[in-house]
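Some notes on the structure that comes next.
The values are calculated or read from the model by the stated rules, or taken from the named source; none is laboratory data. Everything quoted here is computed from the prediction, not taken from an experiment. Every residue, glycine among them, receives a Cβ derived from its backbone with ideal geometry; neighbour counts consider all protein chains shown.
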Amino acid sequence: MNPIERGKITLDVWRARGGTRAEIEARQRRRLAEMLSFARRQSRFYKRHYADVPEGSTDLTQYPPVTKPMLMEHFDDVVTDTAITKAEVDAFVADETKICQRFLGRYPVWTTSGTTGEPGISVQDDTSLALLGAHPDRWILDAVLDIDTLRRLVKHNLREAVIAITGGHFLGASAFALLQRESKFLENRIQLFSPTQPLDDIIEALNRYQPALLMGYASVIVELARAQRDGRLHISPAFVSPASEPVSEAQKRDIEHAFDCEVREAYAATEFDPIAIECGHGNLHVNADWVVLEPVDEEYRPVDLGEPSETVLLTNLGNRIQPIIRYDLGDSITMYDEHCSCGSAFPVIDVEGRQGDVLHFETTDGRDRPIFPLALSGVVEDVPGVRRTQLVRTGPSTIRIRLEVTSDCDDLVVWERVRAGLETFLEDQGIAGITVERAAEPPQRDPLSGKFRHVWAEQTCDGPGNESC
Ligand SMILES: [Zn+2]
């Protein structure tokens, strides 16, 4: 994309900033009509999928939803450039040296390790990339315009610390690696910190790096705030943005007090990033000019405003290379009718996404070591053949794995790799003597809450030194 096109998108995002509800909806309607028409013409999959929908209809509810397994199974027919094939993309993402590169020299590719438990591949275009850059700025600029914040930004030379799973083509780390590779300005201003590293190592590296901006996995940032209060971490970021995992109001206030700076949550998915960003009045605003969110029940029927949904259907109005239309994201959200007191007309939501517990283990030298939920599930989901998984800490030294293997892989072989992978991972963290056992039952929703959780500790667990073990 040339700089003029990118500039146009950025300008459009800024223009919509102060728009009325009607103006935002008009932008959304126009882009939706264009996207539906485009997908029906250019994607063989959507053409078939919408065979029964009247031509030209802009009533989104007439269009059947899609799921991740569906988009993966028909990948070659979904994408709108015939040069892209699943086999070649699979080979591309299997190669870690390609992390900061574009597929075919043109398309960023991110993999998902599992909001709904199944690995997926997301091919992006330049519009997606431009939106990824433009959307955060429209929400956070007001947060960094006071003298103290500007002073911190300058003092730390606008350096960004990003907490994201590295070593794979996941959105967070690989998007930043790509931006870093393609931008002179960002070249030396981004450092990635993986939640799979021991927390003490992250703390030590952050003390050396001294970031101006800290963003990424919420559960890690919560632990970093604790380290800052305990005096182990000494950083003074101008701005902190927890993302990727739900974060409570109390946790956000803790982060704010620990770092004495503005904290704004971001809600993103690999299929659209960022979906929503928190304003100065503490509400998550959906970037509804470029994304459609439909809170629905388990039968994909709309739920009322103000009511939590079973899942949410996402329509990306930007990405044309792999159209995402009424995609089942798996998160429970609540959408509100009320306007936010900040004055923005962009819709406000609450998110209860993939919740996970931080598990605390004792290392062989007697220290407490927190292990982050996405680090653990990432180890399992990285094993080829894993379809869905859940990890349950059932005792101080026992982890039970619920595992579902894809039909084309040998169940026992996959399980052995999962077990070995987890044991190696824990040993690398200095944690020994953990039994990794396979559950008889497959992954399933919690019978009481109905939520599909990924990593948690059972009540019976009596872990060392921490109430949440
Ligand atoms: Zn607001």
Out of segment 200-234, which residues are in a loop (DSSP other than H, G, I, E, B), without any contact (Cβ under 8 Å) to a residue 60 or more places away in the chain and hydrophobic (A, V, I, L, M, F, W, C)? Leu233
Against the definition (in contact with a strand residue (DSSP E or B) (Cβ under 8 Å, 6 or more places away or on another chain), surrounded by 15 or more Cβ atoms within 10 Å (Cβ to Cβ), at pLDDT 90 or above and not in a loop (DSSP other than H, G, I, E, B)), how does Val93 come out, yes or no? no
Out of segment 252-305, which residues are assigned to a loop (DSSP other than H, G, I, E, B), on the phi < 0 side of the Ramachandran plot and away from the ligand (no atom under 16 Å from the Cβ)? Cys261, Thr270, Glu271, Trp290, Asp297, Glu298, Glu299, Arg301, Val303, Asp304, Leu305
The correct count of residues that are at pLDDT 95 or above, over 20 Å from the mean Cα position of the chain (by Cα) and outside any loop (DSSP other than H, G, I, E, B) in segment 62-87 is 5
Restrict the check to segment 281-304 and report whether at least one residue is out of contact with any Pro (no Cβ under 9 Å at 6 or more places or on another chain), surrounded by fewer than 18 Cβ atoms within 10 Å (Cβ to Cβ) and within 22 Å of Arg138 (Cβ to Cβ). yes
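Would you be able to say whether some residue in segment 404-421 is out of contact with any Pro (no Cβ under 9 Å at 6 or more places or on another chain) and under 25 Å from Thr311 (Cα atoms)?
Of segment 404-421, the ones out of contact with any Pro (no Cβ under 9 Å at 6 or more places or on another chain) are 405, 407-408, 410-413, 415-416, 418-421.
Next cut, under 25 Å from Thr311 (Cα atoms) only: 405.
Looking through segment 404-421, at least one residue is out of contact with any Pro (no Cβ under 9 Å at 6 or more places or on another chain) and under 25 Å from Thr311 (Cα atoms).
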Across segment 173-199, what is the total count of residues that are within 28 Å of Glu352 (Cα to Cα) and in a helix (DSSP H, G or I)? 5
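Could you check how many residues of segment 61-91 are free of Cβ contacts under 8 Å to residues at least 40 places away in the same chain and over 22 Å from Asp328 (Cα atoms)?
First, pick out the residues of segment 61-91 that are free of Cβ contacts under 8 Å to residues at least 40 places away in the same chain: 62, 70, 73-74, 76-77, 82-83, 85-91.
Within this subset, residues satisfying the condition of being over 22 Å from Asp328 (Cα atoms) are 82-83, 85, 87-91.
Count: 8.
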Confirm whether Leu158 is within 29 Å of Cys342 (Cα to Cα), among the hydrophobic types (A, V, I, L, M, F, W, C) and not in a strand (DSSP E or B). yes
Of all residues in segment 154-212 being at pLDDT 95 or above and polar (S, T, N, Q), the one that is surrounded by the most Cβ atoms within 10 Å (Cβ to Cβ): Gln210
Subset tally (residues that are away from the ligand (no atom under 13 Å from the Cβ) and either closer than 30 Å to Arg15 by Cβ or of a type in the set (Gly, Ala, Ser) (or both)) for segment 318-349: 18
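Across segment 235-245, what is the number of residues that are part of a loop (DSSP other than H, G, I, E, B) and under 15 Å from Pro274 (Cβ atoms)? Give the derivation first.
So the first thing to find is which residues in segment 235-245 are part of a loop (DSSP other than H, G, I, E, B), and the list is 235-238, 244-245.
After this cut, where a residue has to be under 15 Å from Pro274 (Cβ atoms) as well, the list is 244-245.
The qualifying residues number 2.
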Hey, Pro237 hits all of (1) in contact with a Pro (Cβ under 7 Å, 6 or more places away or on another chain); (2) within 16 Å of the ligand (Cβ to nearest atom); (3) farther than 19 Å from Glu352 by Cβ but one; which does it fall short on? (2)
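Name every residue in segment 1-43 that is polar (S, T, N, Q) and within 24 Å of the chain's Cα centre (by Cα), in order of residue number.
Within segment 1-43, Thr10, Gln28 meet the criteria.
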List the pairs whose first member sits in segment 138-152 and is within 25 Å of His285 (Cβ to Cβ) and touching a residue at least 60 places away in the same chain (Cβ under 8 Å), whose second member is among the aromatic types (Phe, Trp, Tyr) and part of a helix (DSSP H, G or I), and whose Cβ atoms are under 6 Å apart, counting only residues at least 6 apart or on separate chains? Arg138/Trp14
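Quick check on my filter: what residues within segment 380-405 are assigned to a strand (DSSP E or B) and not β-branched (Val, Ile, Thr)? Break it down into steps so the answer makes sense when it comes.
First pass over segment 380-405, keeping only residues assigned to a strand (DSSP E or B): 386-395, 398-405.
Correct list: Arg387, Arg388, Gln390, Leu391, Arg393, Gly395, Arg400, Arg402, Leu403, Glu404.
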Taking interchain pairs and intrachain pairs at least six residues apart, which have beta carbon atoms under 7 angstrom, with the first residue in segment 17-33 and on the phi < 0 side of the Ramachandran plot and the second charged (D, E, K, R)? Arg17/Arg138; Ile24/Asp289; Arg27/Asp289; Gln28/Asp289
Return the residue satisfying two criteria in turn: it lies in segment 350-368 and is in a strand (DSSP E or B) and at pLDDT 80 or above, and of such residues it is farthest from the ligand (Cβ to nearest atom). Glu362
In this structure, is Met72 more than 28 Å from Gly343 (Cα to Cα), touching a strand residue (DSSP E or B) at 6+ places or on another chain (Cβ under 8 Å) and surrounded by fewer than 16 Cβ atoms within 10 Å (Cβ to Cβ)? yes
Within segment 235-246, considering residues that are surrounded by fewer than 22 Cβ atoms within 10 Å (Cβ to Cβ) and out of contact with any Leu (no Cβ under 9 Å at 6 or more places or on another chain), the one modelled with the highest pLDDT: Ser236
Criterion: in contact (Cβ under 8 Å) with a residue 60 or more places away in the chain, out of contact with any Leu (no Cβ under 7 Å at 6 or more places or on another chain) and not small (Gly, Ala, Ser) - qualifying residue of Leu104, Leu192, Leu158, Leu171: Leu171
